[in-house]
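This report refers to the structure that appears directly beneath it.
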Amino acid sequence: MGRDITKCHPRLQVKAAELKEACARRGYAVEIGESFRSVAEQDALYAQGRTKPGQIVTNARGSSYSSMHQWGVAFDFYRNDGSGAYNESGRFFENVGQIGKSLGLEWGGDWKSPVDRPHFQLPDWGSTPSALKRQYGNFDAFKRTWGNDTSVVPTKDNWVLRLQQELIRQGYRPGTADGIAGPATLNGCPTVKQGAQGGITKLIQERLSQVYKIGIGTSGTDGVFGADTKAAVMEFQRQKGLSIDGIAGKNTWRALLEL
């Protein structure tokens with residue numbers, strides 16, 4: 001089925017990345033499962049338990065556009081700590097639900113019928129697709145409006161493009177090299193710390209010195225993560241209100257990418 005979060009609304013992509021990181025900080029390992037579903041994928045799911053083996057898991061036919069997944073505004077998550085994907089021990093789904101709500105997502109665990117604890121969606125159009133169907137009719141018409149969403153303004157950045165290209169060259173997976181920073185780019189960035197060297201370190205040095213005007217010391221942008229670069233990263237972290245450790249981890253990358 002549909003597990004490609006990059007096919008979903010840009011704002012939902014950001015929220016999914018934020019959820020994973022916020023959960024990780026609190027000791028909850030989650031992974032994104034079902035996200036966007038095409039008409040064919042929804043019909044295949046509808047057939048489960050009816051004309052195909054398995055249990056009935058949805059009452060929404062694909063042609064009806066009655067699932068929020070078909071509109072690219074919903075995703076499901078699952079437990080990813082080896083305890084079982086849907087093991088609810090320790091109030092796992094309730095706790096993750098509260099974290100998601102704090103990020104501005106609507107949680108399916110609050111619904112009366114059906115209660116859907118592994119489900120999140122953007123709250124803008126209500127809990128059901130009724131408003132979306134009434135206003136847009138189908139997903140393609142809705143998707144054409146995504147570029148008008150002023151809460152997510154994708155702008156091309158040559159530094160981001162060069163970073164994406166370097167990440168791909170080194171075997172990381174930042175998504176498409178398009179010069180637009182998003183969740184895929186963030187997820188593709190490795191942890192970089194003192195002792196590292198190469199193109200990724202050089203790009204960090206460039207960003208700090210050229211955009212944020214933070215001195216790198218006498219070594220300059222040489223691609224070597226030495227004491228001067230660590231000090232520059234620490235100064236950047238201080239300016240951004242981040243934990244100061246001199247390591248380019250997820251939060252530091254998010255700030256560098258201006259997400």
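The values are calculated or read from the model by the stated rules, or taken from the named source; none is laboratory data. Small disclaimer: the values here were computed from a predicted structure and weren't measured. Reconstructed Cβ throughout: ideal geometry from the backbone, glycine too, with neighbour counts over all protein chains shown.
Within segment 204-222, restricting attention to residues that are under 20 Å from LEU186 (Cα atoms) and at pLDDT 85 or above, which residue is surrounded by the fewest Cβ atoms within 10 Å (Cβ to Cβ)? Filtering first and then ranking leaves GLU206. Number of residues in segment 80-122 that are within 18 Å of GLU34 (Cα to Cα), aromatic (Phe, Trp, Tyr) and not in a loop (DSSP other than H, G, I, E, B): the value is 3. Within segment 137-147, identify whether any single residue is in contact with a helix residue (DSSP H, G or I) (Cβ under 6 Å, 6 or more places away or on another chain), modelled with pLDDT of 90 or more and over 29 Å from GLY62 (Cα atoms), and answer yes or no. Within segment 137-147, not a single residue is in contact with a helix residue (DSSP H, G or I) (Cβ under 6 Å, 6 or more places away or on another chain), modelled with pLDDT of 90 or more and over 29 Å from GLY62 (Cα atoms).
Considering segment 27-79, and only residues there that are part of a loop (DSSP other than H, G, I, E, B) and among the aromatic types (Phe, Trp, Tyr), the residue that is surrounded by the most Cβ atoms within 10 Å (Cβ to Cβ) turns out to be PHE36. Restricting the search to helices (runs of 4 or more DSSP H) fully inside segment 199-259 and requiring at least 2 residues that are over 25 Å from the mean Cα position of the chain (by Cα) gives 199-206, 227-240. Scanning segment 166-195 for residues being crowded, with 18+ Cβ neighbours inside 10 Å, among the polar types (S, T, N, Q) and more than 17 Å from the chain's Cα centre (by Cα) gives a total of 0.
Within segment 123-152, the set of residues being hydroxyl-bearing (Ser, Thr, Tyr) and either in contact with a His (Cβ under 6 Å, 6 or more places away or on another chain) or outside any loop (DSSP other than H, G, I, E, B) (or both) comprises SER130, TYR136.
Each residue in segment 212-259 was checked for being among the small types (Gly, Ala, Ser), touching a residue at least 12 places away in the same chain (Cβ under 8 Å) and at negative phi, and 8 pass. Here are the criteria: (1) touching a Leu at 6+ places or on another chain (Cβ under 6 Å); (2) within 30 Å of ILE5 (Cα to Cα); (3) part of a loop (DSSP other than H, G, I, E, B). Tell me which single one CYS189 does not satisfy. Going through the list (1) touching a Leu at 6+ places or on another chain (Cβ under 6 Å); (2) within 30 Å of ILE5 (Cα to Cα); (3) part of a loop (DSSP other than H, G, I, E, B), CYS189 breaks only (1). One residue is enough: does segment 176-198 have a residue meeting the conditions at pLDDT 95 or above and charged (D, E, K, R)? Scanning segment 176-198, I find at least one residue that is at pLDDT 95 or above and charged (D, E, K, R), so the answer is yes. Within segment 102-136, track down each residue that is basic (Lys, Arg), surrounded by fewer than 12 Cβ atoms within 10 Å (Cβ to Cβ) and in contact with a helix residue (DSSP H, G or I) (Cβ under 9 Å, 6 or more places away or on another chain). Correct list: empty.
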